[in-house]
Amino acid sequence: MKRSLLLGFTPYAVLVVGIPFVNSTHVVLGMPTLLLWIIVCVVATPLFLWLAARALPDDKRK
Amino acid sequence: MPISATVALVIVFLATGIGLLARGRQKMSLDQWSVAGRNLGWMLLWVLMAGEALTTATFLGAPGQAYAQGAPSLFIMCYTVLAYIVSFFLLPPLWRYAKRHGLVTQGDYFAHRFDSPRLGAFVAVVGVVFVVPYTVIQLVAMGSIATTITGGALSKSTCIVIGFVCVAGFVFVAGIRSTAWTAVLKDILIVIAVIIVGIVLPLRYFGSYANLLDAVNAAHPGHLALPGATRNMNVPWFLSTVLLASVGFYMYPHLFMAGLAARNEQSIRRNAMVLPIYLLVVALPFYAGLTALMVVPGLSGADTNTALLTLVVHSVPGWLAGVIAGAGALAAMVPASALVVGAATLLSRNIYQGLLRPDASRDTVLRVSRLLVLAVMAVALVFSLTTTALLSQILVNAYSGITQLFPGVLLSLVWRRVSKQGVTAGIVVGLVVAFALILTGHDPFLGINAGLVGLLANAVVTVAVSLRTPAVVSAARLPTSATTSPPT
């Protein structure tokens, strides 16, 4: 369960911690850096949740 | 009446018609009405959860906020993805517990977990109180939509009342199932609308997003980074608000109940995994709002809530404006109905039946539910007719309230010693702190979202009071996840 929590909350932590560093008016790939960062983390989330699902203890899984 | 208004009305009536027809399928019982008999397949549940999450806040509120404030409007996309992560872990144990004990609402949950109908009723009241501002957002949005597309022919108040009538109409009859089918229509239309306003229009006016953003940077330096055009919505505000809303998201009665209505735990986790992809579409209204800023500048104050539609009316033929306006109207009507159903269920089940009249018949409770739908909406209507705030600000304030239920929910799942006095004290302290700060103009407080400040106070008080009061709960009422050691 702990491994599952760590995997699942990784994109959460990464997104939050990165915010102060990506806060600028620079435009990259047609996005302000803040938006780009959010999108990168949004796209990574399903992957990490999938890994978290696999790391769940057997009695909680299908 | 301009063609745009005609088209929009057609869409609204179509949706209402679907809502009314959906009732024909099965005899309405209380269970059916609010939780669709625990039978929702994962695809229907996906539509329901996504449809309720992508509301007026992202279609009108976000572009309006992007227009008026800039970068702060990105908080919605940010907190939503974080909320999905939270749901992956938080909802399954709640679902298991609710399934085992036959629970439907968060009032039921607290009443059963703590063996206290009164705590259930208190939680129900909190839930209902904070459904009202969220509903106000939907009704105000309806007003803005209609006012813009009729070019001011009908007053905003008249339009809000029309929206009220439509929503009350189909909710009154079929409850949550009608929401699901209308949500399908709404989701198809809103995606089309968002593609037009978020891709076609920006590219038509500027050729590329980069050009648009360069133009914004030139005309409004600093708009694209925090704090944008505001004084105090900087990085700490953003982080604290996003943290707050990510854990408060599923405390909303309609979303809590939707979670409990899942077919099984696996579908809850599957939703959490898949919904982030749908969320990407929410970036488009941001570009729409910036396009509006460059193309139809000059809106200020609460009028910025109409930024998106003003751009639309300025840029596309009347019939298409009508389609987009209709999509916006559905984006308001569908969540409003789910919100109101959730609130009415809480009131009827956890206060009327749970506390006042435990032996009321199911039909009486159903009838009371329907009356309460009207009552909750009437209260929201009154506020809608008188408010002048930015939609996004109402949203943040609503989260400052509803999130105060989170510490109680979390601790109840993981700690045996949490007591009903602890939970009650925590919620009260959290609400008092948050709203004392908000109402005296101290939000953000030291740069931090007032609701989060309240939440921290809430958590501390809940633990402290629980340590000093007995948790008089039989083992049968404890979730299997709860441990004896205090939270570390």
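Quick note: the coordinates plus some simple rules give every number you see, no bench work behind them. Because the structure is a prediction, the values reported are computed rather than measured. Here Cβ is always computed from backbone atoms with ideal geometry, including for glycine, and neighbour counts include all displayed protein chains.
Calculate the dipole size of the protein assembly as shown relative to its Cα centre from +1 charges on Lys and Arg beta carbons and -1 charges on Asp and Glu beta carbons; express the result in debye to the nearest 20.
Working: 33 positive and 13 negative charges, 355 e Å.
Dipole of the protein assembly as shown, to the nearest 20 debye: 1700 debye.
Other chains' Cβ within 10 Å of A:11-24 residues: what's the mean?
Working: counts 5, 9, 2, 0, 6, 7, 1, 0, 8, 6, 1, 1, 8, 4.
The per-residue average across the peptide is 4.
With only Lys, Arg, Asp and Glu charged, each at its Cβ (+1 for the first two, -1 for the last two), find how big the charge dipole of chain B is about the Cα centre; round to the nearest 20 debye.
With only Lys, Arg, Asp and Glu charged at Cβ, the dipole is about 1440 debye.
Dipole of chain A computed with +1 at Lys/Arg Cβ and -1 at Asp/Glu Cβ about the Cα centre; of A:25, A:40, A:52, farthest Cα towards the positive end is A:52. Protection proxy ranking, highest mean first, for peptides B:331-337, B:187-193: B:331-337, B:187-193, where packing is the per-residue count of other beta-carbon atoms within 10 Å, averaged. Estimated from the Cβ-Cβ distance and a Förster radius of 22 angstrom, the FRET efficiency linking residue B:359 and residue B:101 is about 0.65.
FRET efficiency for the pair residue B:436 and residue B:208, taken as 1/(1 + (r/R0)^6) with r the Cβ-Cβ distance and R0 = 56 Å, rounds to 0.75.
How high is the FRET efficiency between residue B:386 and residue B:480 when r is their beta carbon distance and R₀ equals 41 Å, given to the nearest 0.05? About 0.30, to the nearest 0.05. The HN-Hα couplings worked out from phi for the stretch B:311-316 by the Karplus form 6.51 cos²θ - 1.76 cosθ + 1.60 (θ = phi - 60°) are 4, 4, 4, 6, 10, 10 Hz, whole numbers, x standing for Gly and Pro. Listed from fewest to most Cβ neighbours within 10 Å, the set B:156, B:99, B:186, A:2 follows the order A:2, B:99, B:156, B:186.
In this rough spin-label picture, where each label sits 7 Å from Cα along the Cβ direction, the residue B:263-residue A:28 distance is 4.1 nm.
In terms of other Cβ atoms within 10 Å, B:365, B:461 run from fewest to most in the order B:365, B:461. For residue A:28, the residues 5 or more places off, or on other chains, whose built amide H falls under 5 Å of its own are A:33.
Simple point charges give the picture: +1 on the Cβ of Lys and Arg, -1 on the Cβ of Asp and Glu, and for the stretch B:94-247 a dipole about the Cα centre of about 340 debye.
Here the Karplus relation 6.51 cos²θ - 1.76 cosθ + 1.60, evaluated at θ = phi - 60°, turns the backbone of the stretch B:391-402 into coupling constants of 3, 5, 6, 4, 4, 4, 5, 4, 5, 4, x, 5 Hz, with x for every Gly and Pro.
Starting with the fewest neighbours, write out B:85, B:448, B:3 ranked by other beta-carbon atoms found within 10 Å of each beta-carbon. Write out the running numbers ahead of the final one.
Details: B:85 25, B:448 19, B:3 14.
Fewest-to-most Cβ neighbours within 10 Å comes out as B:3, B:448, B:85.
Here the Karplus curve 6.51 cos²θ - 1.76 cosθ + 1.60, taken at θ = phi - 60°, turns the phi angles of the stretch B:222-233 into couplings of x, 5, 8, 10, 5, x, x, 8, 9, 8, 10, 9 Hz, with x standing for Gly and Pro.
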